[in-house]
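For reference, the structure is listed below as structure tokens.
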Amino acid sequence: MTSQVARHAGACSVLGLLLCSGASVALAAQFDCVIEPSQVLELRSPIEGLIERVNVDRGDFVKKGQELAVLDTSVDRAAAAIAKQRSQMEGAVRSGESRVEYSSKKAQRADELHKQNYMSAQTRDEAATEKKLGEAELRDALDNRKLAELEHKRQLEIIRLKTIRSPVDGVVTERILNPGELAEAGVGRKPMLKIAQIGTLYVEVLLPVEAYGKIKPGSAVEVLPEIPAGSRHRATIKVIDSVLDAASGTFGVRLELPNRERKIPAGIRCQASFPDIVVSKVPARRSAGAAAEKPKP
């Protein structure tokens, strides 16, 4: 009798939630899912130019702000040097300042002599006009120098745009263009590189409509990826679709899975265990493809 009780207790411990009185199993529901990169970026040049060098290749991990590729900037550097030199030229400004100083004194003397009736009004007006012309030429010289400074900044900005940097921490998934090829700007043009952000992964799951309202953003979900086998990870619910798919009777849920050490690869299948969804029996497995894309009606 004792051995029978022991065997019965061992069976209960294996089933976990099985009610020994004969009740059905109550388990947290598990659903097929797919683990994807949080972002996949296609990097294009903002302006057209010949590629001078590409510093990364497929499989390389990159940091945010890292220099990935550089377009040819020889002409732009020369234009920047010319603009910088023009912005530092003092000849026209000094000449304008001297002319203003001379014409101001001349106009002042002419005005005093006119008041003493030693000079005609016409001569006085000519001196005053010469002063105004000198001041205008000085302003023109200063404006030209300011424009040269702005042109120098513009050329430096063009050079900066021709240096392609990584906008995120990630891994290069594809290198499309190589040195010597033309990088074209604009939507629809061929990208230079493709980068996937895998420091944080997204887990896409489809749940049945019966589960709607039983989960909420911020709740923890256990994720069991295919690789590494047997590993378990904690993810957080980030998005619950508000529009359900009537044809399939499902709705989408996105989980956020930290992957700082990049031990979990992206693009693999997984199982997601929702503790807030309890079923009377273990749900049937569904295809991982359905977790990534809702069936079309």
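Among the residues making up the stretch 232-264, those that are touching a residue at least 60 places away in the same chain (Cβ under 8 Å) and outside any strand (DSSP E or B) are ASN259, ARG260, ARG262, ILE264. The set of residues in the stretch 48-96 being at pLDDT below 90 and in a loop (DSSP other than H, G, I, E, B) consists of MET89, GLU90. Taking first residues from the stretch 99-127 that are surrounded by 14 or more Cβ atoms within 10 Å (Cβ to Cβ) and partners that are assigned to a loop (DSSP other than H, G, I, E, B), the Cβ contacts under 8 Å between residues at least 6 apart in sequence or on separate chains come to ALA110/MET119; LEU113/MET119; HIS114/SER120.
Taken over the stretch 208-222, the criterion of being at pLDDT below 90 and more than 23 Å from SER248 (Cα to Cα) is satisfied by no residue.
I'd like to check something: does the stretch 47-64 contain any residue that is outside the structural domain of LEU182 (by TED's automatic domain parsing) and either at positive phi or crowded, with 18+ Cβ neighbours inside 10 Å (or both)? No: zero hits. Looking at the structure I just gave you, is ARG139 among the charged types (D, E, K, R), under 30 Å from ILE47 (Cβ atoms) and either out of contact with any Pro (no Cβ under 8 Å at 6 or more places or on another chain) or buried (at least 17 other Cβ atoms within 10 Å of the Cβ) (or both)? In short, no.
Consider PRO295 carefully, then state whether it is at pLDDT below 75 and either of a type outside the set (Ser, Thr, Tyr) or over 28 Å from GLY170 (Cβ atoms) (or both). It is true that PRO295 is at pLDDT below 75 and either of a type outside the set (Ser, Thr, Tyr) or over 28 Å from GLY170 (Cβ atoms) (or both).
Selection of strands (runs of 3 or more DSSP E) fully inside the stretch 121-221 by the criterion of at least 3 residues being closer than 25 Å to LEU257 by Cβ and either of a type in the set (A, V, I, L, M) or not assigned by TED's automatic domain parsing to the domain that holds GLY65 (or both) returns 193-208.
Determine if the stretch 98-106 includes at least one residue that is part of a helix (DSSP H, G or I) and under 49 Å from the mean Cα position of the chain (by Cα). No, every residue in the stretch 98-106 fails to be part of a helix (DSSP H, G or I) and under 49 Å from the mean Cα position of the chain (by Cα). Residues in the stretch 121-135 that are polar (S, T, N, Q) and either modelled with pLDDT under 85 or under 53 Å from the mean Cα position of the chain (by Cα) (or both): THR123 only.
Results for (1) hydroxyl-bearing (Ser, Thr, Tyr); (2) within 15 Å of GLN30 (Cβ to Cβ); (3) in contact with a strand residue (DSSP E or B) (Cβ under 6 Å, 6 or more places away or on another chain), shown as yes or no for each residue.
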| residue | (1), (2), (3) |
| --- | --- |
| LYS194 | no, no, yes |
| ILE198 | no, no, yes |
| PRO217 | no, no, yes |
| GLU222 | no, yes, yes |
| PRO225 | no, yes, yes |
| PRO228 | no, no, no |
| ALA235 | no, yes, yes |
| ILE240 | no, no, yes |
| ALA246 | no, no, no |
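Between ILE240, ILE277, ILE268, ILE264, the distinction of being in the same structural domain as TYR202 (by TED's automatic domain parsing) and either at pLDDT below 90 or charged (D, E, K, R) (or both) belongs to ILE277 only.
In the stretch 224-231 there is no residue that is in contact with a Phe, Trp or Tyr (Cβ under 7 Å, 6 or more places away or on another chain) and either of a type in the set (D, E, K, R) or at pLDDT 95 or above (or both).
The values are calculated or read from the model by the stated rules, or taken from the named source; none is laboratory data. Model, not experiment: these values are computed from the prediction. Counting neighbours? That spans all protein chains shown, and the Cβs are built from the backbone with ideal geometry, glycine included.
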